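What follows is a set of notes on a single structure, which appears directly below.
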Amino acid sequence: MTLSPAARRATGLVLLAIVLATACTFLGRWQWNRHVNRDAAIRLVQTNYDADPVPLADLVPTVDDTLDPARVWHPVTVTGTYDVDATVLLRNRPVDSQPGFHVLVPLVQSDGTALIVDRGWVAWDDDASGEVDVPAPPAGEVSVTARLRPQEVASGRSAPAGQVQAINVDQVLAAGDADGLEAYSSYGALVSESPAAPTALGTLPMPSTDPGSHLSYAFQWWTFGIGALVGFGWMARRELLDERGVPRGPGVALGDLLPAEDGTVRVPRRRRVSDEDTEDALIDAQLP
């Protein structure tokens, strides 16, 4: 069966509408999933961030245990001694748009196990050369309250000696020449230390709870998909109607919409077929 040119155009328009609507549906679903994930992360922060601290062993009993995802950001208390010689700087983590470094130090407990503690951050020097003066942590035994977080995925990027690109426990220990330490696979973001350090580091910022625009983007994509079906569907219908000779309706000229001298607007009327038009049509039909 051979389709007429109008039918082929209409079919092409319908197929294009389906393709666009399908793409918009998937893009909307993608944004919806991002909204759902973002909403879950926000609720996790709101639930755990200001919870009462519990002993470290309550959340991760041993170094072989991993942190329950539902307990991320929950504060814990742990007592030990900072291994100052194993201090490592975390690169490329600006705070409030201020470039600087996070200071990572292993806190070694009495049984020899260690928890990597992100003690805070230090800004670059004034000439942005990357040289920083890191204040020392408290000496001797210290009681630390920190919010637990899972270690980050190991980074494949290189870093200068004593620095890392991610808070990955193995990479942090290697950069601090402390490979022999047995450490938890989670790390702690410092809340407080007792006794306090002689010079405090910059406070770590609270994670953002801004939901973003993912939900509105999802509905926008779905609206575009519906619009594609309606718009191109209407165009396909017009192609078929035009082929069958169905009139589109009276045309409206711009002049018909302009106000007359007396201020009234002329209402366009359908043009009546005159006797002259009928006579011309009959003559045209008889011509070869």
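Just so it is clear, none of the values below were taken in a lab; they were calculated from the coordinates. None of these values were measured; they are calculated from a predicted model. Methodologically, a virtual Cβ is constructed for each residue, glycine included, from the backbone with ideal geometry; neighbour enumeration extends over all protein chains shown.
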To the nearest 0.05, the calculated FRET efficiency linking residue 237 and residue 30 through their beta-carbon distance, R0 being 30 Å, is 0.45
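Summing Lys, Arg as +1 and Asp, Glu as -1, what charge do residues with Cβ under 13 Å from the Cβ of residue 140 carry, residue 140 excluded?
Residues close to residue 140 contribute a combined charge of -3.
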Cut-off 20 Å, label 7 Å out along Cα→Cβ of residue 229, residues of the range 8-31 by amide N
10-31
For residue 153 paired with residue 4, estimate the spin-label separation in nm (one decimal), with each label point 7 Å from Cα along the Cα-to-Cβ line.
5.6 nm
Normalised alpha carbon radius of gyration of the range 52-154 [divisor 2.2 N^0.38 Å]:
1.16
May I ask which residue of 95, 109, 70 lies farthest towards the positive end of the charge dipole of the range 55-114, with charges of +1 (Lys, Arg) and -1 (Asp, Glu) on Cβ and the Cα centre as origin?
95
At R0 = 51 Å, FRET efficiency that the Cβ-Cβ distance of residue 244 and residue 42 yields, to 0.05
0.35
For the peptides 66-74, 102-110, what is the packing order when you average, over each peptide's residues, the other Cβ atoms within 10 Å and list the highest mean first?
102-110, 66-74
Roughly speaking, what is the stretch gain from residue 161 to residue 199, that is 0.36 nm per residue apart minus the C-alpha to C-alpha distance, in nm to one decimal?
11.3 nm
Around residue 201 (Cβ within 12 Å, Cβ-to-Cβ, excluding residue 201; K/R +1, D/E -1) the net charge comes to -2
For a quick size check, give me the Cα extents of the range 16-108 along its three principal axes, largest first, whole Å.
66, 33, 26
Considering only DSSP beta bridges whose two residues both sit in the range 50-194, what percent are antiparallel, to the nearest 5?
75 percent
